[in-house]
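The values are calculated or read from the model by the stated rules, or taken from the named source; none is laboratory data. The structure displayed is predicted, hence computed values, not measured ones. So basically every Cβ, Gly included, is an ideal-geometry build from the backbone, and we count neighbours across all protein chains shown.
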Amino acid sequence: MKKKPKIGLAIGSGAAYGLSTIGVLKVLEENEIPVDMISGSSIGAVIGALYASGMKSFKLEDELLTMRWRELLDFVIPEKGLVAGNKVENYLRDLIKYKTFEELKIPLYIIAVDVNKGRQIVFNKGDVASAVRASMSIPGVFTPVEMEGMTLVDGGVINPVPTDVLKKRCDVIIAIDFRVDIKPLSYVTAKREKSRFLKAVQQDFIESELKYV
């Protein structure tokens, strides 16, 4: 019998396109295409974590449509970001149900960036909600997550569609990429051109995403 290929799903950043991502998940479910492994950055980490917990596409769609973002945005004095993100993390923790990666129904890899060393961090063990919170921390919008000496921000900064973590683990990779036209930055460039990047991503977030609140 021919061995069944292992299918990986890489869900990219771009919060305004979350519902489009769910459309792809619906097609996979309708055609009975199983997902063996998931990776995600930014909103992709949110959707990936919920899907990996066993939440089906119709439920995911319902959650995104009914989510009251204004109630989840705990605004702070804008020193490192406008939103603390604690309410979002607690909300996701309740939705995901499973506390750790090891408990998820589908193996999951979440991407964040340590701005102290300009490097990619891959989470696949431990607490899921805190990893998701780090991955969705858009610089200048959400405050960074301080963890084990690292200052973590949105994984989409340098890896908007994290196919790389799945390449050695899967036979087939389905990449979902609905990004706006902001080019990913290299580790060095991300650090050197931080001011330019923050202005671009803040403008995109405010103009493209808050209108959905």
Exercise for the section: Pick out the one residue from Lys80, Lys105 that is more than 21 Å from Leu152 (Cβ to Cβ), assigned to a loop (DSSP other than H, G, I, E, B) and either modelled with pLDDT of 95 or more or charged (D, E, K, R) (or both). Expected result: Lys105
Completion exercise
Per the filter on the range 42-66, residues under 24 Å from Ile138 (Cα atoms), of a type in the set (A, V, I, L, M, F, W, C) and surrounded by fewer than 16 Cβ atoms within 10 Å (Cβ to Cβ) are Leu65
Practice task
Go through the range 128-144 and give me each residue that's free of Cβ contacts under 8 Å to residues at least 60 places away in the same chain and touching a Gly at 6+ places or on another chain (Cβ under 9 Å).
Solution key: Arg133, Ala134, Ser137
Practice task
May I ask you to list the residues in the range 145-159 that are surrounded by 22 or more Cβ atoms within 10 Å (Cβ to Cβ) and touching a residue at least 60 places away in the same chain (Cβ under 8 Å)?
Solution key: Asp154, Gly155, Gly156, Asn159
Practice task
Provide a single number: the residues in the range 116-126 that are surrounded by fewer than 21 Cβ atoms within 10 Å (Cβ to Cβ) and under 17 Å from the mean Cα position of the chain (by Cα).
Solution key: 7
Handout entry: Unique residue being in contact (Cβ under 8 Å) with a residue 24 or more places away in the chain, out of contact with any helix residue (DSSP H, G or I) (no Cβ under 6 Å at 6 or more places or on another chain) and basic (Lys, Arg) when the list is Lys97, Lys125
Key = Lys97
Practice task
Mind listing just one residue for me: the one in the range 13-41 that is at pLDDT below 90 and in contact with a helix residue (DSSP H, G or I) (Cβ under 7 Å, 6 or more places away or on another chain) and, of those, surrounded by the fewest Cβ atoms within 10 Å (Cβ to Cβ)?
Solution key: Leu19
